[in-house]
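One structure is given below, encoded as structure tokens.
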Amino acid sequence: MEQDIQILDGLKGEYAKRTRYEQILYRQYAYFIDEGARKYNLNNDDSFSAYSDTILSAIHNIVNERFDGRSSLKTYLYQIFSNKCIDLIRKNTTNKHQVHKTMPVADAMSQLPDSTRTVIDGLITNELKATVRKQLDAIGEKCRKLLLMFEDGLTDKEIAAILSYNTAAVVKTTRLRCLDKLREKILN
């Protein structure tokens, strides 16, 4: 108890004295770090962080006369430390669950205002177009030309004449193969 009084007085002293007693306080209860790791199942970094926050909070309260001395300094520090550890556990648990809270895009979109939904639809459409263009380049020049002509509304017979295929049936078969290649590229 007398040591507590010395520390409390030292923390309220001038700068040099206060700094020395801050270090004394910090070292005296540093074993809380191991206790936090063991009791609250925290890793050493989190337990160390909780302990550092505890010391800072306690020093602030002591200097600003918020510690009334109804309990020993050790009990006071341990209570703050326990609360800090529990806060860390809650924070880590809450953040981990937030990561896994998902909802389908359609549900999320339905909650948006119409103007925002229109903008997001446009962004998604542009992104898909860019992805398809990129993958069209990856499947080869012949497939790209054939699929773009088909997309422009040309018939298989017209495509056969332009690209020098033997028949419209050959164009159709080639088009289906090209679509399979494109689908495979987009999905991978």
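The values are calculated or read from the model by the stated rules, or taken from the named source; none is laboratory data. Remember, predicted model here, so these are calculated numbers, not experimental data. With ideal geometry, Cβ positions are generated from the backbone for all residues, glycine too; neighbour counts draw on all protein chains shown. For accessibility, only protein heavy atoms count, side chains too; no ligands or nucleic acids. Shrake-Rupley method; radii C 1.70, N 1.55, O 1.52, S 1.80 Å.
A few points about this structure:
- Of interest is the spacing of the C-alpha centroids, which for the range 126-188 and the range 1-65 amounts to 71 Å.
- Taking Cα centre as origin and charging only the Cβ of basic (Lys, Arg, +1) and acidic (Asp, Glu, -1) residues, the dipole magnitude of the chain rounds to 680 debye.
- Mean-square fluctuations from a GNM of the chain, with a 10 angstrom spring cutoff on Cα atoms, peak among Tyr165, Tyr29, Tyr78 at Tyr165.
- For the chain: rounded, prolate or oblate by the Cα gyration tensor [a/c cutoff 1.5]: prolate
- The stretch between Ile5 and Thr75, if pulled fully straight at 0.36 nm per residue, gains 23.8 nm over its current Cα-Cα span.
- Furthest towards positive pole of dipole, Thr19, Cys178, Tyr31, structure part the chain, Cβ charges: Cys178
- Relative contact order computed over the range 128-188 (Cα-Cα under 8 Å; 6+ residues apart), in percent: 39
- Only helices enter the 222 nm calculation for the chain: every DSSP H run of n ≥ 4 contributes -39,500 (n - 2.57), and dividing by all residues gives -26000 deg cm²/dmol, rounded to 500.
- On full extension, the segment bounded by Leu123 and Asp180 gains 18.0 nm, given 0.36 nm per residue less the C-alpha separation.
- Farthest positive-ward along the chain dipole, Cα basis, beta-carbon charges - from Met1, Pro113, Asn188: Asn188
- Kyte-Doolittle mean at least -0.5 and Cα axial length at least 30 Å: DSSP H helices in the chain: 114-138
- Here the accessible area is traced with a 1.4 Å probe on the protein chains. For the chain, carbon and sulfur cover 53 percent of it.
- Most mobile listed residue (Thr94, Thr173, Thr19) in the chain, GNM with C-alpha springs under 10 Å: Thr173
- Label-point gap, in nm, between Asn92 and Leu187 - each point 7 angstrom along Cα→Cβ: 4.0
- Nitroxide proxy distance, nm - points 7 Å out along Cα→Cβ at Asp45 and Thr173: 6.0
- For Ala37, the shell of other residues with beta-carbons less than 11 Å away shows a net charge of -2, using +1 for Lys and Arg and -1 for Asp and Glu.
- Within a Gaussian network of the chain (alpha carbon springs, distance under 10 Å), most fluctuating of Ile59, Ile124, Ile80: Ile124
- Summed residue charge, Cβ within 13 Å of Ile62's Cβ, Lys/Arg positive, Asp/Glu negative: -2
- Relative contact order %, the range 1-95, counting alpha carbon pairs below 8 Å whose residues are six or more apart: 30
- Contact order relative to length of the chain, as percent, for alpha carbon pairs under 8 angstrom and 6 or more apart: 14
- Heavy atoms of the protein chains alone define the surface here; on that basis the chain has 70 Å² accessible area per residue at 1.4 Å probe size.
- Among the listed pairs Lys12/Lys39; Lys134/Lys172; Lys157/Lys181, those beyond 29 Å (Cα-Cα): Lys12/Lys39
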